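As structure tokens, the structure follows; a few thoughts come after it.
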Amino acid sequence: MIQNRVLITGAGGFIGGNLAAYLSHRNYDVTKFDITLGNSGLPDVMNQDIVIHLGGNSDTTETNLEKILEQNFEYSVMLYELCELYEIKFQYASSASVYGTSKSFKESDFCKPLSPYAFSKYMFDCWLIHQNYPYQGFRYFNVYGLGEDKKGKQASPVSKFIKQAQRNGEIKIFEKSEKYKRDFVSIDDVCEIHYRMLDNDASGVFNVGTGQTTSFRDVAEIVKSNSHAIITETPMPKELKGQYQKFTKADNSKLLEVIGDYDWQTVEQYINQNIDAYLN
């Protein structure tokens, strides 16, 4: 039996496509909305129970602030206001990139975004604080998993390293990659968090991360152990310096207070379980 009608913007992307399949499998009536599917403008939300807004400009290297604010902030505001008008549940994708150089990763912290992309996400987070209609925003940490081909250059190190190992038996990492530590969260966990929160009335922004870190070097070593590839080091490109977070680690206590205990997948578990699917 169909439980709820859900519209997902950005459904042609990595997270949106996975989430659409995940919710459909759980008997949600899912409508996909994405520019790659021929859609444009604002979606018709009148007959929806839930809107999950994952669309927008996800290019973390975009330098045109005006363009990215239009796509990520102004569009999100209009969509939220439509949901408020028709009393539709609203979930959306924020990003851990809003924390920038912060040493702490708690939702209530003052953030220091490093890029126009991160700034656009933070602006919407901050704008929502002053609104009355409830919402659920998810600050994704480093999401990875099967289907990242759609992300192109924005793909996670997990997928990039596996592709490199498969293509030429060589995994290229930046110099001093052992010092770059991220909170990698699997796409399976991201979909499950969205699913669990759909029936919850909690409102606000929530970190979606494991609360654990894995260095880029460790990711490469895990891939190497599954592929017999070699690891080589390369200098970090100049355009990434100053816009590259060296460390992220979610404080997920706010989320866990709402959903209860949760058993997050580790990078090693996910790769070991899915390496054949990656390579085929």
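Computed from Cα atoms, the angle from the helix 187-198 axis to the main principal axis of the chain rounds to 20 degrees.
Find the centroid of the Cα atoms in the range 35-99 and in the range 102-118, then give the distance between the two in whole Å. So the separation of the two Cα centres works out to 20 Å.
Charge tally for Lys181 (other residues, Cβ to Cβ under 14 Å; Lys, Arg +1; Asp, Glu -1): +3. Within the chain, antiparallel bridges make up roughly 5 percent of the DSSP beta bridges whose residues both belong there.
Each Lys or Arg adds one and each Asp or Glu takes one away; over the other residues whose Cβ falls under 15 Å from the Cβ of Lys112, this sums to +2. Per-residue 3J(HN,Hα) values for the range 34-45, derived from phi via the Karplus relation 6.51 cos²θ - 1.76 cosθ + 1.60 with θ = phi - 60°, read 6, 4, 6, 9, x, 8, 8, x, 8, x, 7, 9 Hz in sequence order (x marks Gly and Pro).
Straight Cα distances below 18 angstrom link Lys106 to the lysines Lys121, Lys181, Lys246, Lys249, Lys254, with same-chain residues fewer than 8 positions distant left out. Relative contact order, whole percent, for the range 5-279 stands at 18, derived from Cα pairs under 8 Å and 6 or more residues apart. For the chain, the longest principal axis of the Cα atoms and the long axis of helix 116-129 meet at an angle of about 40 degrees.
Name the shape class, rounded, prolate or oblate, that the alpha-carbon gyration tensor gives for the range 65-181, where a ≥ b ≥ c are the square roots of its eigenvalues, rounded holds for a/c under 1.5, and otherwise prolate holds if a/b is larger than b/c and oblate otherwise. Because a/c hits 1.5 or more and a/b exceeds b/c, the range 65-181 counts as prolate. Between the residues Leu240, Asn64, Trp127, the greatest Cα displacement towards the positive end of the dipole of the chain, with unit charges on the Cβ of Lys, Arg, Asp and Glu, is found for Leu240. Charges were assigned to the Cβ only: +1 to each Lys and Arg, -1 to each Asp and Glu. The resulting dipole of the chain about its Cα centre is roughly 1040 debye. Let me check I've understood the local charge: for Ser102, count other residues with C-beta under 15 angstrom from its C-beta, Lys and Arg +1, Asp and Glu -1. What total comes out? That works out to +4.
Exposure proxy for Lys121, Lys150, Lys32: other Cβ atoms within 10 Å of each Cβ, ordered fewest to most, give Lys150, Lys32, Lys121.
For the chain, take the longest principal axis of its alpha carbons; what is the angle in degrees between that and the long axis of helix 75-86, to the nearest 10 within 0 to 90? Between the helix axis and the principal axis of the chain, the angle is about 40 degrees.
Values quoted throughout were computed directly from the atomic coordinates according to the rules given, and no laboratory measurement underlies them. Small disclaimer: the values here were computed from a predicted structure and weren't measured. Because the Cβ atoms are built from the backbone with ideal geometry, glycine has one as well, and the counts that use them run over all protein chains shown.
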